[in-house]
Every structure is written in C-alpha cells, then in structure tokens.
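Bear in mind these aren't lab numbers, they're just calculated from the coordinates by the rules spelled out. All of these numbers come straight from a predicted model, not from anything done at the bench. Glycine gets a Cβ as well: all are built from the backbone with ideal geometry, and neighbour counts include every protein chain shown.
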Amino acid sequence: MKIKIISALAGALLFNGPGSFAAEGAPATAGDKIAEVTPVSLPSSEPFVFRKAGTNDMLLHVVKPTGWSKDDPRPCILCFFGGGWSSGTPGTSIGWAKWGASVGMVGVAPDYRTRKRFGGNPADCISDARAAFRWVQAHSRELGIDPKKIISQGGSAGGLLAAWTAMPQPGPAKDDSLITIPPAALILMFPESDTQADPNDAAKRFGGDTVLAAACSVPDHMPAKMPPTIIFHGTADVTVPCARSAALRDKLVAKGNRCELVTFEGLGHSYYTSKFGEAGKAAMNKTKQDAEGFLVSLGLLDPKKL
C-alpha cells in the first residue's frame, strides 16, 4: 500500500492564518500573539497525509528511532498537542514524538483541525485524532510499527484527544468511525477530560453548545475497559483543575482499570514549561522517567534500551 508523503523544504508552510502561539497545552496570552502556521515539514521527521478534510490535507509527522527497520516492528507513540482545540500545532508535540524515538519507539505528531487555523470545533479535533490513530494502525507495516503497541499521549486539550482514541464507538463528529484495536496505553498530561465539569469553560470552548460539550466528555463516554493510563498534573492548575484528573483516576480504577496519577505540588498548567523554572525542569525529567517506567511495566519498552 502506497503512503502519500508531502515533500517540502524544511520549514515550509502550508497555511497562514491568525492565531497565537502558546506553550504546549497552555492557553495563549496577549504577550504570545504571533501568526500561527501549519507546518508542512518538521526537522528530523517525515510528513504524511492521513486524511482529507474539505480542501485540507491533514498531516502527521513521523520520527523514527535509531536502527529503525520496517521488518522490526516497534512500539509507537502518538503525541497530540494542546491549546484548547483553538490554537497550537504539531510544532510543540513533535518534541514528545522525538522523546518517544529516543527510547526506541516510532514517534508521531499528528495535526488536527483547530479553530484558528481550520475553523474546526472540538468534535472535528476528536475525529482527526481518531483518524490519525487508525491511519497509523492501517500503515503499521510500512512504518515499522506493531499495531497492538500504539500509545496515545497528549497534554491539556490533546489529552482529551488521546483518551478518545481509546473509545470503541464513533466520536461526536459525523465523519468518525469505529476503532477496533485500542491503544496499548494512555499518557495524559493535565488533560481536559471532563468537558461538562465547568459550565463557563464549556461555554467558552464549545461556543455555548452544551450538547457538544457533553458529547465530547471523556468520563461520560469511556467504556468499562480502558487501556492502562498514567496521568500527570500540577496541583495548582487553574486552567484544568487537578481534581478532574483525580476524579478520572478514581473512575478508571473503580471499573478495574490500571490508572496512576502523578502530581506536582504547587505547579500549574503546562507544569514542565520554562515559566516554572527549575521546578519545571525537574517535573519534565520526572514525567519522562515515570512514563518510561510505566511503559516498561507494560512490556512496551525494553529497559535494556533506555
């Protein structure tokens, strides 16, 4: 099966449009405002078209580990950026894809239809995330991936998208379909999981559409059996309160699922970014170490290769 690849000069741009840049998973502020662009290519990765959405070719960016061969199937990690389903690009989540490649996985950073670049809504974003997941499974042989060892990872709004790749039923968008093989694990960082928890937030993110907000809520739609999950969250997060992740953990565990919650005392949203200084750096290191240990415990990473 032939895979369609986008060829472009490094750093070339597919779309230009109004928007704002923010740290991974963090809402933009007035000081962050610059033109946000959709990358056609990102350094050290290969771009592929995973779906057509209207006139847009939706891309994902693949990072291969050292010693990669399509005849040696590796685990894979799909890394979804955050930004409230409004802003953000794979230019932030590619860092996590590269981390995945550094520990022996094939790393993938998919794009999706954010509001500012594509005029999408959260349901469109969920649909794109699930389409990217299915595309990677369908092309596992060419990408050198074990289709039963795909991990979904995401921060903030991207955390919700990662969780939705584990739902067997169609998502809230009309152009969605079934996922037959769920992720082997979920890595969620300060995830926006319960989109009904705060009516004011739901009104802002969903344009006042409470029905859509309810349709996108992870705790209200997840099946009894979910993949093993690890969640990371700062206790001082006011954008997505840590209590939501604690509630998600409790619900998963109550249904017999494995779920671990790692908290960072006094740190806020996007807890591992530079705005938190040395504490943020330490939190980043712990996040990577704990995520690696979690995947090793599931047999998804070889501890001898770390």
- [ ] Show that you can apply the helix-only estimate: for the chain, add -39,500 (n - 2.57) for every DSSP H stretch of four or more residues, divide by all residues, and state [θ] at 222 nm to the nearest 500.
- [x] -9000 deg cm²/dmol
TODO: Would you kindly state how much longer the chain becomes between Asp72 and Ser274 on full extension, computed as 0.36 nm times their sequence separation minus their alpha carbon distance, in nm to one decimal?
DONE: 69.0 nm
TODO: Would you list the membrane-span-like helices of the chain, meaning whole DSSP H runs whose alpha-carbon atoms span at least 20 Å along their axis and whose mean Kyte-Doolittle value is at least -1.0?
DONE: 122-138, 277-297
Open item on the list: Just want to confirm a number: the relative contact order over the chain, from Cα pairs under 8 angstrom separated by 6+ residues, in percent.
Closed with: 14
Open item on the list: If packing is taken as the average count of other Cβ atoms within 10 Å, what order do 189-196, 271-278, 86-93 fall into, highest mean first?
Closed with: 189-196, 86-93, 271-278
TODO: With a/c under 1.5 counting as rounded, go ahead and sort the range 170-235 into rounded, prolate or oblate using the C-alpha gyration tensor (a ≥ b ≥ c being the square roots of the eigenvalues; past the cut-off, prolate if a/b is larger than b/c, else oblate).
DONE: oblate
Task: For Ile77, Ile230, Ile187, order by how many other beta-carbon atoms lie within 10 Å, fewest first - done: Ile230, Ile187, Ile77
- [ ] Would you mind ranking Ser270, Ser44 so that the residue whose beta carbon has the fewest other beta carbons within 10 Å leads the list?
- [x] Ser44, Ser270
Open item on the list: How far apart, in nanometres, would the label points at Ile181 and Glu142 be if each is projected 7 angstrom from Cα along the Cα-to-Cβ direction?
Closed with: 1.6
Task: Charge tally in the Cβ shell below 11 Å around Leu301, where Lys, Arg are +1 and Asp, Glu are -1, Leu301 excluded - done: +2
TODO: Please list the non-local residues whose amide H lies under 5 Å from the amide H of Val106, H modeled 1.01 Å from N, same-chain partners needing a gap of 5 or more.
DONE: Cys76, Ile77
- [ ] Pull out a ≥ b ≥ c, the square roots of the eigenvalues of the alpha-carbon gyration tensor of the chain, then state rounded if a/c is under 1.5, prolate if not and a/b is larger than b/c, and oblate in the remaining case.
- [x] rounded
